[in-house]
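The values are calculated or read from the model by the stated rules, or taken from the named source; none is laboratory data. Just so it is clear, the model here is predicted, and its values are computed rather than measured. Note that each Cβ is placed from the backbone with ideal geometry, even for glycine, and that neighbours are counted across all protein chains shown.
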Amino acid sequence: MTPTSYEQVFGAAPQATALAPGRVNLLGEHTDYQGGFVLPTAIPQQAAVSLGRNGTQEHVLYSANLDQTIRVPVGEVGPGFAPYLTGCFALSGVQEGLNAFVTSDVPSGGLSSSAALEVATLRALRDLLPLELDDVALALRGVQVEHEFVGVMCGVMDQMASSLANTRTMLLIDTRSLDRHAIPFPAGAEVLVLDSGVPRRLAESGYNERRAQVEEAARLLGVPQLRDVTDPAALETLPPVLRERARHVVTENARVLAALEPGVDAARFGELMNASHASLRDDYAVSHERVDELVALLQAHPDVYGARMTGAGFGGAVVALVRQGHATAAAQAVLADYSEQGSQVVP
Ligand code: GLA
């Protein structure tokens, strides 16, 4: 039988245990590595990490999701899921062997399962070692793990959201200053998250390529980041492809700011989500045919204010804003017409 606790795997109680949630981003996609604005919220699903010292020079890492144990000498990175943990250990100055029990119900694909794992690991380390690390510094250390140990040049949104967001509000993050504000959901609406059932393919290479493209666009325009461009007309001098990529970032930032204006109701917020999806599909080219199909089905449903892909894209999750109390019924209706095996994640 698959072990369900640290005790079952290691025969003793853990010395520290911590949780961290996944996130879903409502608006502001692929802007967080260009200093832009993002509007994520935490989801109820969480990663859980338990740690204990083992008195050796080897880390023993057990994943309950994979029912797999990986042994990694202290100071090495290791294969598979190991870098998410060993990266946190290395950046936190761990010099002795740790046992780790990891379990998560955050679905993989667009809901920050890896950020949740990093933030839970760093929270457990903060208790165990202990570490002097506030929640922002902790999130940034998680980002550093992605860059240096996992090889994904992600922005700061996911780890910031996992470390600082809750499920009751959206967290507006200015990813340049890291200023944050809790923003209420539009009145009379609730969040629906569906897994498209389309596994993400080539997401890491596609992601790093998009990031390089918009960095090149900013360089050609002579601005530090595309955050500094507010008029899409300024992009006309860019070559094709870079122009489209940059247009997504610039218009997406404008959509987040538009969503924060006074008097924005669920219908207006939903329109901005629909426009975000079109931009991610057409200008940023990070959607997927089946994801587009699912988004279109949602957008056509009478109780749905707006819907879009969420996260890095290339498959994975979809988010919708739905009339309060109608999310599950809308999900069932839409999934019945969808050609893939999708599933409801939230609520
Ligand atoms: C991934 C990254 C984030 C962000 C999103 C797209 O989730 O980890 O930093 O760039 O994609 O908005």
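No other residue among ALA182, ALA187, ALA266 is under 20 Å from the mean Cα position of the chain (by Cα), surrounded by fewer than 21 Cβ atoms within 10 Å (Cβ to Cβ), at pLDDT 95 or above and under 24 Å from ALA42 (Cα atoms) apart from ALA182.
Note on region 239-249: among residues that are surrounded by 15 or more Cβ atoms within 10 Å (Cβ to Cβ) and out of contact with any Leu (no Cβ under 6 Å at 6 or more places or on another chain), the one that is nearest to GLY28 (Cα to Cα) is HIS248. Could you tell me whether ASP127 is over 23 Å from GLN68 (Cβ atoms) and touching a strand residue (DSSP E or B) at 6+ places or on another chain (Cβ under 6 Å)? Taking the combined requirement at face value, the residue satisfies it. Only a single criterion out of (1) in a helix (DSSP H, G or I); (2) under 18 Å from LEU27 (Cα atoms) is not satisfied by ALA212, namely (2). Residues that are at pLDDT below 95 and hydrophobic (A, V, I, L, M, F, W, C) were ranked within region 151-179; the one that is nearest to GLN34 (Cα to Cα) is MET153. Scan region 130-188 for residues that are closer than 30 Å to TYR305 by Cβ, within 16 Å of the ligand (Cβ to nearest atom) and of a type outside the set (A, V, I, L, M) and jot them down. Scanning region 130-188 gives CYS154, GLY155, ASP158, GLN159, SER162, SER163, ASP174, THR175, ARG176, ARG180. Within region 190-208, if we keep just the residues that are farther than 30 Å from ASP265 by Cβ and surrounded by 15 or more Cβ atoms within 10 Å (Cβ to Cβ), the residue that is nearest to the ligand (Cβ to nearest atom) turns out to be TYR207.
Working carefully through the options ALA218, ALA203, find the one that is modelled with pLDDT of 95 or more and not charged (D, E, K, R).
Values: ALA203 fails: modelled with pLDDT of 95 or more.
None of the other options fit; the residue is ALA218.
Can you say whether VAL150 is among the aliphatic types (A, V, I, L, M), touching a Pro at 6+ places or on another chain (Cβ under 6 Å) and touching a residue at least 40 places away in the same chain (Cβ under 8 Å), as far as the supplied structure shows? It is true that VAL150 is among the aliphatic types (A, V, I, L, M), touching a Pro at 6+ places or on another chain (Cβ under 6 Å) and touching a residue at least 40 places away in the same chain (Cβ under 8 Å). With VAL72, VAL77 as the choices, which residue is of a type in the set (Val, Ile, Thr) and touching a His at 6+ places or on another chain (Cβ under 8 Å)? Of VAL72, VAL77, the one residue that is of a type in the set (Val, Ile, Thr) and touching a His at 6+ places or on another chain (Cβ under 8 Å) is VAL72.
Taking THR175 as the residue in question, decide whether it is closer than 23 Å to PRO44 by Cα and surrounded by 16 or more Cβ atoms within 10 Å (Cβ to Cβ). Considered against the rule, which asks whether it is closer than 23 Å to PRO44 by Cα and surrounded by 16 or more Cβ atoms within 10 Å (Cβ to Cβ), THR175 comes out as no.
Scanning region 317-333 for residues that are surrounded by fewer than 24 Cβ atoms within 10 Å (Cβ to Cβ) and out of contact with any Leu (no Cβ under 6 Å at 6 or more places or on another chain) gives ARG323, GLN324, GLY325, HIS326, THR328, ALA329, ALA330, GLN332, ALA333.
Looking only at residues in region 78-106 that are surrounded by fewer than 24 Cβ atoms within 10 Å (Cβ to Cβ), closer than 16 Å to ARG141 by Cβ and aliphatic (A, V, I, L, M), the one that is farthest from the chain's Cα centre (by Cα) is VAL94. In region 224-249, the qualifying residues are those that are outside any helix (DSSP H, G or I) and aliphatic (A, V, I, L, M), and the one that is farthest from the chain's Cα centre (by Cα) is LEU238.
Being away from the ligand (no atom under 16 Å from the Cβ), touching a residue at least 60 places away in the same chain (Cβ under 8 Å), surrounded by fewer than 24 Cβ atoms within 10 Å (Cβ to Cβ) and not in a helix (DSSP H, G or I) is true for just one of ALA18, ALA12. Which residue is that? Criteria check complete, one pass: ALA18.
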